[in-house]
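No lab work stands behind these numbers, since they all come straight from the coordinates. If you're wondering where the values come from, they're calculated on a predicted model, not measured in any experiment. Methodologically, a virtual Cβ is constructed for each residue, glycine included, from the backbone with ideal geometry; neighbour enumeration extends over all protein chains shown.
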Amino acid sequence: MSAPLTSLDRPNSYIGRSVPRPNAKRLLAGRGRYVSDLRLPRMLYAAFLRSPHAHAKIISIDAGRASALEGVHLVATGADLAKICSPWTGTLDHFKGMISAPQLPLPLDRVVWAGQAVVAVVAESRAIAEDALELIEIDYEDLPIVADIDSAREGGGPLINPGSANNVCFRSQLDNGSVDDAFAHAAHVVEEELSFGRHTAVTLEPRAIVSDYDPSAEMLTVHHATQTPYQFQDLYSRHFGIPEARVRVIATDIGGSFGMKLHVYHEDMAVVGLSILLGRPVKYVADRIESFVSDIHARDHRVRARMALDAKGEILAMDVLDLTAIGAFSTYPRTSVVEGNQVIRLIGAPYRFKNYHATLEVLFQNKVQTSQYRAVGHPIACAVTERLVDMAAAKLGLDPFAIRAQNVIADDAYPQTSPTGYRFEALSHQACLKRLHEMMDYDGLRAEQAELRKGGIYRGIGIAAFVEITNPSPAFYGVGGARISSQDGAIISLTPSGEVRCLISVTEQGQGTEAIISQIVADQLGLAQEHVKVITGDTEVTPHGGATWACRGAGIGGETALQATRALRRNILEIAALILQEQQSALDIIDGEVVDAGTRNQRMPISEIARIAYFRSDTLPPGTQAQLTVSHHFAPQGYPFAFTNGIQGCSLEVDVETGFIKMLKHFIVEDCGRVINPMLVDEQLRGGIVQGLGAALFEECRYSETGQLVNGSLADYLVPMPMEMPDIVIAHVETPTADTELGAKGCGEAGTAAASACVLNAVNDALTPFDATINSIPITPTKILKALKRF
Amino acid sequence: MSGFDRSLLDDADETVRVRFTVNGRKVACEVAPRETLVDCLRNALELTGTHAGCEMGACGACLVQLDGQAVHACLMFAVQADGARIDTIEGLTESGVIADLQAEFHRRNALQCGFCTPGMLVNAHELLSQVTRPSRKDIRDALSGNYCRCTGYEAIVDAIDAVAKARSESGGVT
Ligand code: FES
Ligand code: FES
């Protein structure tokens, strides 16, 4: 299935072309401008003393010697910052009954995880600030620790929030159809408990912020390595009581983000406060160890799930319990329950069944918060569903492709509503399944697997179908009371020399936002891409919008650019028609020239229109006011989300002596609607898959019983490196959304969504001859050897 | 690593004067003995193209050339580099020696956020100066100390592979 041809498919269209990113050359020359590179006049440096305890009372803080150290400008505690910063609470109204304690930049009297920042020092250099930290003495009194899901649920166990009845942050249930009945009458039931370790984003550039408060202008400027500058403009304004128009957040180049850099961090709020207290720029860059203990983590779920099927292998029902432990607080402003909420709502998404029951329980524990990180909830929902589907296939003697072909929602059956309440406009599971089967030469792989097994080589083949949430509407956060925009804005101008500047609210983290926006503008205006300059990431300059989260840059930002450009084009042609004494409809713009729409004969360059409009408006008919700058906003309407889908496959080899897994090849067929730049989409998919493979095979934040992170460095926390990663084969199916002209949906999380599920199924497939199963992510050599009873 | 005097490390507070040739220019700077080379390059010399991702030799973001060899600038004190010739991404760019690698990375989009990229380029440059036609596996192995969180590595491997091919077809290492 490919998209119907529209005006976007003209022969010279930029839409659908793999053009390189114009802004990447700077980065290749080492001329990136990351916040960690920034140095401002009179800038000072912050460092934080962190709690060595996972849960303790702060009895006293003695910072006298630190304050006296030469070069130290300020030592601040929780009480100092609480005077200028109002507390925040990480709950949303639409999560009924959700609780979380108020938070401040630094704690007043209690620490709740090991690594929590307790005291801030500001000094003339980071080294001096760190020297001063060593001179601070804090007296703690240990409190009992809640270190995992089980201890959090224990009745009568320690409580994290004094005054609360238990450690439950949020509970939720979904119930649709007649689940009990379906299970009672099912021919087959499969059941499994799956666990998913904590992991974290590990952006190569750690979190970085330079806050610059100028008391003379009463103006706060924050250079912030974030995906969402407008959200932070709003938060800094409200929590520090500075009018919004006097808060400017600038997000320049960012060394990776993946959802991790859109949460409120205690240190960041502290740094803003410190710069207000000092009236000087203050810089803070987390070092790698600090990143591990203070960046949000993700996942940490334990899911018990069962699936009922009829005798022919038709899925009848699913019943799920998801337990997840998040940390001592829920993050702000997006909360820490969104992941669990998406787990229970995405489970079973590719399939046709109608009976569904799910319980979600979100628990507090004494660890750093978990929250939204790339593919929020998706890898868990996908792994749970796809593992059960494979187990069912094995039970029924069906091939994994066959059981999926039998159960996926048919491509011609849309629109559909899932039993969890999601509304699907149009997905393409059947087409994707078929394509993957051919692309991976499935039958050939199976034959090879059988042959190799005879020689004691154990290969596994896994597949996993997925649904991804993209283009979120206000139904995501707005309904819950969060001031997180789902619309985007663009200001687009024809410059006096006939070029185009587009200021847009979506931001760039290297995924190619600026490239695709310039492609869309160039395409819609009829101009070469090199004449389009895209500007992002500065709240003083670019209009308010959602920026980058949850896969919305192309789908929402792209549509905003498209509509803005069409408006500018109309305005240009209006002036052209006046100058040329023509009907506006008889004119078009091609390659920077106004032409006759019918004959394509050139009439005049758009630079000439700009010249006349800006410098010789006296030659235009009286009453004409040329509008060569257009501002335009676009908010998604129609479906609350533009769901996408796809399927991944992989082939791997398990060494049953050592437990090591070698990834041989990975495949993905993905449908993100209209593809604007195939090369960039493919890189998003590959990058996402590699992050997913990291989670599947290596990544886990490991804690001791006392709540200490024991592998908080890049030597101990394993991330996927080049020699371990396979080549990845990609194919596309295109089902554009009809909710926008552009038809684009997101693709940034598709890779991560199904990679774990795919590997889990492949490893279990490889272990079939041994009657050994794996039900836990990451799949480490130790777990394999344990499953094989060799360890 | 010539001319390093261990007694320089004795007094942690006193700065010492070190001299190197950085990107073809002789420079001197005052550094504290505890200051790493990556901090000295980024702060005192304002060569911010060299990045710090882990400060423990694991990620490769800080790779520079020291006397013609790729080294981790986070694992060396600035004083240890006294007297050395150092080439960073800025110098390698200006001299044009990695222009083909940069062009191929650009053409294939072998980078996203770009934070790992200078280190990747330094390492790729070193690999290609040692092995004329590395296999894809050789390339993946050579990059095994360079972490990239954004890309799937494949485009990076493709780009290096293409440059190796082009260089060997045009008559050897340039
Ligand atoms: S910063 Fe030197 S290897 Fe990571
Ligand atoms: S491009 Fe971001 S870390 Fe490699």
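Numbers for the structure displayed
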| read-out | value |
| --- | --- |
| Histogram of C-alpha separations across the protein assembly as shown, 20 Å bin width, % | 13, 44, 35, 7, 0 |
| Residues A:L81, A:L628 arranged by fewest to most Cβ contacts within 10 Å | A:L628, A:L81 |
| Principal semi-axes in Å for the stretch A:289-346 [√(5λ), Cα gyration tensor, largest first] | 33, 11, 9 |
| Separation between Cα centres of the stretch A:627-663 and the stretch A:43-62, rounded to whole Å | 39 Å |
| Estimated Rh, the stretch A:604-689: Kirkwood, alpha-carbon pairs, angstrom | 19.3 Å |
| MRE, 222 nm, helices only [DSSP H, n ≥ 4, -39500 (n - 2.57), over chain A, to nearest 500] | -8000 deg cm²/dmol |
| Dipole magnitude of the stretch A:634-690, debye to nearest 20 (Cβ charges: Lys/Arg +1, Asp/Glu -1, about Cα centre) | 200 debye |
| Charge dipole magnitude, Cβ of K and R +1, D and E -1 - the stretch A:706-753, Cα centre, debye nearest 20 | 120 debye |
| For the stretch A:360-432 versus the stretch A:181-225, the gap between their alpha-carbon centres in whole angstrom | 20 Å |
| Burial ordering of A:E749, B:E14, B:E30, fewest other beta-carbon atoms within 10 Å first | B:E14, B:E30, A:E749 |
| Cβ-based charge dipole, the stretch A:521-625, positive-most Cα from A:C551, A:L573, A:A613 | A:C551 |
| Sequence of B:T48, A:T200, A:T420 once ranked by neighbouring C-beta atoms within 10 Å, starting from the fewest | A:T420, B:T48, A:T200 |
| Globularity ratio of the stretch A:266-424, using Cα Rg and 2.2 N^0.38 Å | 1.38 |
| Extreme residue, positive dipole direction of the stretch A:701-783, given options A:I779, A:V729, A:N711 (C-beta unit charges) | A:N711 |
| Positive-end extreme of charge dipole, the protein assembly as shown - chosen from A:V630, B:S135, A:G340 (charges on Cβ) | A:V630 |
| Computed Kirkwood radius, in angstrom, where 1/r is averaged over Cα pairs of the stretch A:489-614 | 14.8 Å |
| Aspartates and glutamates with Cα under 20 Å of A:K533, excluding same-chain neighbours fewer than 8 positions away | A:D253, A:D488, A:E499, A:E508, A:E514, A:D523, A:E559, A:D591, A:E593, A:E608 |
| CD proxy at 222 nm, helix term only [per DSSP H run n ≥ 4: -39500 (n - 2.57); per residue of chain B; nearest 500] | -9000 deg cm²/dmol |
| Counting all C-alpha pairs of the stretch A:210-306, share separated by more than 17 Å (%) | 53 percent |
| Per residue, the convex hull volume that the Cα atoms of the stretch A:545-681 enclose (Å³) | 201 Å³ |
| Centroid-to-centroid separation of the stretch A:453-472 and the stretch A:553-590 [C-alpha atoms, Å] | 46 Å |
| For the stretch A:332-387, fraction of C-alpha pairs farther apart than 19 Å, in % | 33 percent |
| Residue pairs, from the table A:K96/A:K783; A:K96/A:K367; A:K312/A:K434; A:K283/A:K745; A:K354/A:K789; A:K261/A:K789, whose Cα atoms sit over 32 Å apart | A:K96/A:K783; A:K283/A:K745; A:K354/A:K789; A:K261/A:K789 |
| Size descriptor, Kirkwood hydrodynamic radius, that averages inverse alpha-carbon separations across the stretch A:587-654, Å | 17.2 Å |
| Volume per residue of the C-alpha convex hull in the stretch B:57-96, rounded to whole Å³ | 67 Å³ |
